[in-house]
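Undergrad: Could you have a look at this structure, given as structure tokens, before my questions?
Every read-out reported here was derived from the displayed coordinates using simple, explicitly stated rules and does not represent laboratory data. The shown structure was predicted, so the numbers you read here are calculated from the model rather than taken from an experiment. Cβ placement follows ideal geometry from the backbone for every residue including glycine, while neighbour counts extend to all protein chains displayed.
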């Protein structure tokens with residue numbers, strides 16, 4: 001028997017009322033314009049939804065598609081799910097399925113999805129300890145009790161969390177092979193890339209080779225270097241906002257958790273580890289890291305183009321300048337300005353102008369991927385080159401200028417082309433500002449001499 005809260009139905013009909021409207025969508029009473037559809041997260045593999053209640057199926061599908069650009073296949077029963085799995089074998093990124101279906105009331109859908117090697121989240125009206133014990137060891141990532149809109153929103157968040165997890169590396173540090181393997185398998189279920197180490201010394205070596213590790217789960221009692229010492233070593237160079245550390249221990253010492261936190265860990269788990277608790281703690285810490293990264297990006301990057309902004313450029317540029325002066329290495333700066341940009345805006349509209357800026361910025365980021373690039377004004381950009389000869393910089397800038405002039409960009413119904421004027425300077429004056437001023441003067445000359453050229 002299925003149980004649903006009346007408020008869930010009210011939320012559903014309220015949702016349908018706005019989702020089907022031409023200009024607005026609603027997710028938990030927060031209204032956003034159609035413009036935000038441009039910023040949907042794209043997931044390149046389809047999801048399978050299996051739910052016998054059509055209203056719930058439509059609501060969940062709508063909630064997912066409001067947040068993600070993803071193909072969704074739906075089935076109302078076991079038989080339909082089996083047909084889809086046969087037709088699209090090995091294609092599904094994830095399945096979200098009702099545990100009790102009309103033609104499979106005892107959770108048979110789990111075995112079907114396991115045979116198809118599809119990871120799954122299960123939905124159910126009620127869930128007891130016996131259910132948990134029986135399904136979690138069978139490849140179920142998580143289970144959701146369908147008693148409120150919050151449960152469905154959790155599913156939507158989990159879809160994105162699982163997709164993002166594949167971009168995160170986690171290091172498990174434990175001298176117990178059994179414990180290490182168990183934790184690694186739990187993390188692999190959640191799509192993480194998992195690395196392992198036997199002690200703190202080995203963990204530091206692994207981290208040195210793989211500095212893009214985002215989370216370390218470490219035991220306390222280990223030979224050579226224990227979990228406290230490992231945490232202290234890592235915290236010398238990496239803050240809690242840069243690297244998350246979760247401490248582990250089977251010790252009966254009740255103070256061990258608080259000591260781990262005081263030594264610099266973000267969190268602590270006691271052994272034996274419960275899968276659900278690990279899932280929640282790990283996802284919470286990864287979400288915190290992503291949130292902090294989003295805050296840093298909001299402070300340091302231009303919202304439209306995702307290039308660095310003026311503030312970040314001068315902050316980092318000063319350090320780069322000082323380092324080049326101290327070491328006697330070459331340093332060059334280039335100022336770039338899109339020609340006749342105001343005319344483009346006036347002719348094709350500001351949306352086309354934004355599309356042009358985004359395209360230009362993407363080309364910059366790809367072509368000069370090893371250099372510091374920033375958008376410092378409306379159509380003005382700057383590049384800081386290190387350890388490159390003047391001739392090399394000139395050739396790179398000219399090649400980029402030609403590349404831009406040969407491109408045609410589709411902006412809605414219009415096809416738009418553009419050129420760029422560039423001024424550069426490689427003379428290390430008293431400070432970075434002086435270098436930029438000279439590059440800006442050369443940019444002005446490029447404009448005076450007819451645009452679409454490099455002056456340095």
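Undergrad: Please determine, in degrees from 0 to 90 and to the nearest 10, the orientation of helix 200-209 with respect to the longest principal axis defined by the Cα atoms of the chain, where the helix direction is its Cα long axis.
TA: The answer is roughly 50 degrees.
Undergrad: Helix-derived [θ] at 222 nm for the chain: sum -39500 (n - 2.57) over DSSP H runs of at least 4, divide by residue count, nearest 500?
TA: That calculation yields -15000 deg cm²/dmol at 222 nm.
Undergrad: Just the number, please: Stokes-Einstein D of region 285-324 in µm²/s, Kirkwood Rh from C-alpha pairs, 4 °C, 1.567 mPa s.
TA: It diffuses with D of about 115 µm²/s by this estimate.
Undergrad: How big is the C-alpha Rg of region 310-455 next to the rule-of-thumb value 2.2 N^0.38 Å, as a ratio?
TA: For region 310-455, the normalised Cα radius of gyration comes out at 1.05.
Undergrad: Kindly give Rg over Rh for the chain, based on alpha-carbon atoms, with the Kirkwood expression for the hydrodynamic radius.
TA: With Rh from the inverse mean 1/r over Cα pairs, Rg/Rh is 1.05.
Undergrad: Taking Cα atoms, how many degrees apart are the long axis of helix 350-367 and the longest axis of the chain, rounded to 10 and kept between 0 and 90?
TA: Tilt relative to the chain: about 90 degrees.
Undergrad: Related question: Angle between the Cα long axis of helix 432-448 and the longest principal axis of the chain, 0 to 90 degrees, nearest 10?
TA: Once rounded, the angle reads 70 degrees.
Undergrad: Then there is this: Could you please rank 168, 350, placing first whichever residue has the fewest other Cβ atoms within 10 Å of its Cβ?
TA: Lowest count first: 350, 168.
Undergrad: For an R0 of 22 angstrom, estimate the FRET efficiency from the Cβ-Cβ distance between residue 77 and residue 126 and round to the nearest 0.05.
TA: Calculated transfer efficiency: 0.65.
Undergrad: So what does the Cα-only Debye profile of region 166-300 read at q = 0.09, 0.16, 0.18 Å⁻¹, as log10 I(q)/I(0), no solvent term?
TA: The Debye formula, applied to the Cα set alone, gives -0.23, -0.75, -0.96.
Undergrad: While we're on this one: Taking the DSSP beta bridges in the chain as the whole, what percent of them are antiparallel, to the nearest 5?
TA: Close to 40 percent.
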